[in-house]
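For reference, the structure is listed below as C-alpha coordinates.
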(Lines give C-alpha, C1' and ligand atoms only; values in the text may rest on other atoms or scores of the structure.)
Protein backbone atom coordinates (compact mmCIF):
# COMPACT_ATOMS: atom_id res chain seq x y z
CA UNK A 1 0.00 0.00 0.00
CA UNK A 2 1.31 3.44 -0.91
CA UNK A 3 1.56 6.03 1.84
CA UNK A 4 -0.30 9.33 1.56
CA UNK A 5 3.02 11.11 1.46
CA UNK A 6 4.32 9.00 -1.45
CA UNK A 7 1.03 9.43 -3.30
CA UNK A 8 1.20 13.19 -2.81
CA UNK A 9 4.76 13.36 -4.17
CA UNK A 10 3.90 11.34 -7.28
CA UNK A 11 0.72 13.31 -7.93
CA UNK A 12 2.61 16.59 -7.45
CA UNK A 13 5.05 15.59 -10.18
CA UNK A 14 2.25 14.53 -12.53
CA UNK A 15 0.35 17.76 -11.87
CA UNK A 16 3.48 19.75 -12.63
CA UNK A 17 3.81 17.97 -15.97
CA UNK A 18 0.67 19.87 -16.90
CA UNK A 19 1.46 23.17 -15.18
CA UNK A 20 5.21 23.48 -15.68
CA UNK A 21 6.53 22.66 -19.15
CA UNK A 22 10.11 22.85 -17.87
CA UNK A 23 9.45 19.94 -15.49
CA UNK A 24 7.94 17.94 -18.33
CA UNK A 25 10.98 18.56 -20.55
CA UNK A 26 13.48 17.83 -17.80
CA UNK A 27 11.72 14.55 -16.98
CA UNK A 28 12.12 13.45 -20.60
CA UNK A 29 15.88 13.97 -20.35
CA UNK A 30 16.63 13.21 -16.67
CA UNK A 31 13.73 11.29 -15.11
CA UNK A 32 15.72 9.98 -12.15
CA UNK A 33 16.99 13.42 -11.22
CA UNK A 34 13.51 14.96 -11.41
CA UNK A 35 11.93 12.18 -9.34
CA UNK A 36 14.70 12.56 -6.78
CA UNK A 37 14.02 16.32 -6.57
CA UNK A 38 10.35 15.58 -5.91
CA UNK A 39 11.34 13.16 -3.15
CA UNK A 40 9.71 10.18 -4.84
CA UNK A 41 10.73 6.83 -3.38
CA UNK A 42 13.07 5.08 -5.88
CA UNK A 43 10.88 1.96 -5.63
CA UNK A 44 8.26 3.84 -7.68
CA UNK A 45 10.65 5.17 -10.33
CA UNK A 46 10.33 2.17 -12.69
CA UNK A 47 6.53 2.40 -12.58
CA UNK A 48 6.67 6.01 -13.71
CA UNK A 49 9.42 5.58 -16.30
CA UNK A 50 7.82 2.46 -17.81
CA UNK A 51 4.30 3.91 -17.88
CA UNK A 52 2.82 1.23 -15.63
CA UNK A 53 -0.49 3.09 -15.65
CA UNK A 54 -2.78 0.40 -14.28
CA UNK A 55 -0.45 -0.34 -11.39
CA UNK A 56 -0.21 3.34 -10.51
CA UNK A 57 -3.99 3.71 -10.84
CA UNK A 58 -4.56 0.74 -8.52
CA UNK A 59 -2.19 2.37 -6.04
CA UNK A 60 -4.58 5.32 -5.93
CA UNK A 61 -2.94 7.75 -8.36
CA UNK A 62 -5.62 9.83 -10.06
CA UNK A 63 -6.22 8.71 -13.64
CA UNK A 64 -6.39 12.25 -15.03
CA UNK A 65 -2.93 12.89 -13.62
CA UNK A 66 -1.79 9.60 -15.14
CA UNK A 67 -2.86 10.97 -18.51
CA UNK A 68 -0.23 13.71 -18.07
CA UNK A 69 2.38 10.98 -17.49
CA UNK A 70 1.21 9.18 -20.61
CA UNK A 71 1.57 12.39 -22.60
CA UNK A 72 5.14 12.92 -21.37
CA UNK A 73 6.02 9.32 -22.25
CA UNK A 74 4.51 9.68 -25.73
CA UNK A 75 1.69 7.23 -25.02
CA UNK A 76 -1.27 8.00 -27.28
CA UNK A 77 -4.89 7.91 -26.12
CA UNK A 78 -5.69 4.38 -27.38
CA UNK A 79 -2.56 2.99 -25.72
CA UNK A 80 -3.39 4.90 -22.52
CA UNK A 81 -6.83 3.26 -22.40
CA UNK A 82 -5.28 -0.16 -23.05
CA UNK A 83 -2.70 0.29 -20.30
CA UNK A 84 -5.21 1.55 -17.74
CA UNK A 85 -7.41 -1.49 -18.40
CA UNK A 86 -4.75 -4.19 -18.84
CA UNK A 87 -3.51 -6.21 -15.86
CA UNK A 88 -0.07 -6.49 -17.52
CA UNK A 89 0.54 -2.79 -16.82
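The values are calculated or read from the model by the stated rules, or taken from the named source; none is laboratory data. Just so you know, these numbers come straight off a predicted model, no measurement behind them. Virtual Cβ from ideal backbone geometry, glycine too; neighbours counted across all protein chains shown.
Results for (1) in contact with a helix residue (DSSP H, G or I) (Cβ under 6 Å, 6 or more places away or on another chain); (2) surrounded by 18 or more Cβ atoms within 10 Å (Cβ to Cβ), shown as yes or no for each residue.
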site: 13; (1), (2): no, yes
site: 19; (1), (2): no, no
site: 28; (1), (2): no, no
site: 33; (1), (2): no, no
site: 48; (1), (2): no, yes
site: 52; (1), (2): no, yes
site: 68; (1), (2): yes, yes
site: 74; (1), (2): no, no
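Scanning the stretch 11-56 for residues that are part of a helix (DSSP H, G or I), touching a residue at least 24 places away in the same chain (Cβ under 8 Å) and over 21 Å from residue 88 (Cα atoms) gives 11, 12, 13, 14, 15, 17, 18, 24, 27, 28.
I need the full set of residues from the stretch 57-89 which are farther than 20 Å from residue 7 by Cα, modelled with pLDDT of 95 or more and not in a helix (DSSP H, G or I), in order please. Matches in the stretch 57-89: 74, 75, 76.
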